[in-house]
Amino acid sequence: MWHTISYVSTCDKNLKDIDIHNLLNFVKEHNNNNNITGILMYSEGNFFQIIEGEKKTIIDLFEKIKLDSRHYNIIKIFSRESSNKAFSEYDSSFIIVGDTLDSSTEFRSFLLREKQQNSDGFKNISYLARKFMKLP
């Protein structure tokens, strides 16, 4: 059984763009090497992440994430079991997301599935996605 956690947080103001870029690259490589899929977005001083994988792995990872001093004000949007994964890999290779949902077809599919299966979750996730992607 897969487990999925989503959260938003505020980036430490002392981090420079190069620090954030290095973090995104490290996270992408680490998660892909550990069978963790999902997406990480950074925009205007905030992170938005969806992580999915084996339940213990994801729960343990989120505990580490909560202790990371590079961000604060961590707000968990949801934590739930899922029957299958929404993402084929982990993607965090961008610092500021583009202005269309086309930057991630899997993320668009994830949003459509949320809309059909979890309307409350969809409202929260789609609101955040629009803010991060600078959509109206």
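The values are calculated or read from the model by the stated rules, or taken from the named source; none is laboratory data. Quick caveat, the model's predicted, so the values are computed rather than measured. Cβ: placed from backbone, ideal geometry, glycine included. Neighbour counts: every protein chain shown. Only protein heavy atoms, including side chains, enter the accessible area calculation; ligands, DNA and RNA are left aside. Shrake-Rupley method; radii C 1.70, N 1.55, O 1.52, S 1.80 Å.
Residue-wise test of (1) part of a strand (DSSP E or B); (2) of a type in the set (Gly, Ala, Ser); (3) under 19 Å from Ile125 (Cα atoms).
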{"position": "His3", "(1), (2), (3)": "yes, no, yes"}
{"position": "Asp19", "(1), (2), (3)": "no, no, no"}
{"position": "Asn22", "(1), (2), (3)": "no, no, no"}
{"position": "Val27", "(1), (2), (3)": "no, no, no"}
{"position": "Ile50", "(1), (2), (3)": "yes, no, yes"}
{"position": "Phe62", "(1), (2), (3)": "no, no, yes"}
{"position": "Lys66", "(1), (2), (3)": "no, no, no"}
{"position": "Ile74", "(1), (2), (3)": "yes, no, yes"}
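Would you check which residues across region 1-22 are exposed (fewer than 13 other Cβ atoms within 10 Å of the Cβ) and not β-branched (Val, Ile, Thr) and list them?
We begin by selecting, within region 1-22, every residue exposed (fewer than 13 other Cβ atoms within 10 Å of the Cβ); these are 1, 13-14, 16-18, 22.
Result: Met1, Lys13, Asn14, Lys16, Asp17, Asn22.
Specify the residue that is farthest from Tyr127 (Cα to Cα); the eligible residues are those in region 34-47 that are modelled with pLDDT of 90 or more and of a type in the set (A, V, I, L, M, F, W, C).
Per the stated criteria, the residue is Ile36.
Looking only at region 86-110, count every residue that is open to solvent by less than 80 Å² (accessible area, probe 1.4 Å), assigned to a loop (DSSP other than H, G, I, E, B) and at pLDDT 75 or above and tell me the total.
Within region 86-110, residues that are open to solvent by less than 80 Å² (accessible area, probe 1.4 Å), assigned to a loop (DSSP other than H, G, I, E, B) and at pLDDT 75 or above number 3.
Here is a check on your reading of the model: is Lys13 farther than 23 Å from Tyr127 by Cα and out of contact with any Leu (no Cβ under 9 Å at 6 or more places or on another chain)? Don't jump to the end; show me each part of the working.
Values: farther than 23 Å from Tyr127 by Cα: yes; out of contact with any Leu (no Cβ under 9 Å at 6 or more places or on another chain): yes.
Yes.
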